[in-house]
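The values are calculated or read from the model by the stated rules, or taken from the named source; none is laboratory data. It should be emphasised that the depicted structure is a prediction, and the values quoted were computed from it without experimental measurement. Methodologically, a virtual Cβ is constructed for each residue, glycine included, from the backbone with ideal geometry; neighbour enumeration extends over all protein chains shown. Accessible surface is based on the protein model in full, side chains and every heavy atom, while ligands, DNA and RNA are left aside. Shrake-Rupley method; radii C 1.70, N 1.55, O 1.52, S 1.80 Å.
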Amino acid sequence: MKTGFTIGAAFAATLTVLAPAHGHEQHGPRGYSAGEPGDPRQPSRTIEVLLSEMEFTPARIEVRRGEQIRFVLRNAGKEDHEFLLATKKENLKHAAVMKKHPHMEHDEPNGARLAPGKTTELLWRFSKSGTFEYSCLIPDHRDYGMTGHVTVK
Ligand SMILES: [Cu+2]
């Protein structure tokens, strides 16, 4: 009597059911909380933003839903600063992580870290309406006032 030869294979098959890998926690399943990376072939409006201790200039901007903005970011200060475009909720969560890892670098479509005197550009499409933020999450900078607001109508 030979029984049980196929049991092993059937058992193995049930073990292949795995939870999907958890992506980068900051991003939702469809990408970014404040819209999406821009398309360089589409028209855009340029907005220059200066970063310094401890503020963004301008600290408030308004855009139309669907509008594409070419942010020209310049660190006019004496320390490193960053510009991270997200919802307030996401930035607060991210800030908590950065308290533990203050030298965390960002090289993502929705953010940049700049050394003093540096300039960079960020192309962004505000595809969602609502209120979003750009904030510097280097420990304490946000608390000292380094947050700007974007209203998307
Ligand atoms: Cu800063």
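When restricted to residues that are basic (K, R) and away from the ligand (no atom under 16 Å from the Cβ), segment 113-134 contains 2.
Out of all the residues in segment 135-153, which are open to solvent by less than 70 Å² (accessible area, probe 1.4 Å) and within 11 Å of the ligand (Cβ to nearest atom)? Matches in segment 135-153: S135, C136, L137, I138, P139, H141, R142, G145, M146, T147. Of the candidates V63, V49, the single residue that is aliphatic (A, V, I, L, M), more than 16 Å from the ligand (Cβ to nearest atom), under 19 Å from V152 (Cβ atoms) and more than 15 Å from the chain's Cα centre (by Cα) is V63. When F83, F71 are screened for being modelled with pLDDT of 95 or more and under 13 Å from the mean Cα position of the chain (by Cα), only F83 passes.
Taking the conditions (1) under 15 Å from G38 (Cβ atoms); (2) crowded, with 17+ Cβ neighbours inside 10 Å; (3) among the acidic types (D, E) in turn, E121 satisfies each one other than (2).
Residues of segment 35-50 that are exposed (fewer than 15 other Cβ atoms within 10 Å of the Cβ) and among the hydroxyl-bearing types (S, T, Y): T46 alone. Of the strands (runs of 3 or more DSSP E) lying entirely inside segment 48-153, those containing at least 2 residues that are among the hydroxyl-bearing types (S, T, Y) and touching a residue at least 60 places away in the same chain (Cβ under 8 Å) span 147-152. Taken over segment 62-86, the criterion of being surrounded by fewer than 18 Cβ atoms within 10 Å (Cβ to Cβ), out of contact with any Asp or Glu (no Cβ under 6 Å at 6 or more places or on another chain) and aliphatic (A, V, I, L, M) is satisfied by A76 alone. Among the conditions (1) in contact with a Lys or Arg (Cβ under 9 Å, 6 or more places away or on another chain); (2) within 16 Å of the ligand (Cβ to nearest atom), E79 misses just one, which is (1).
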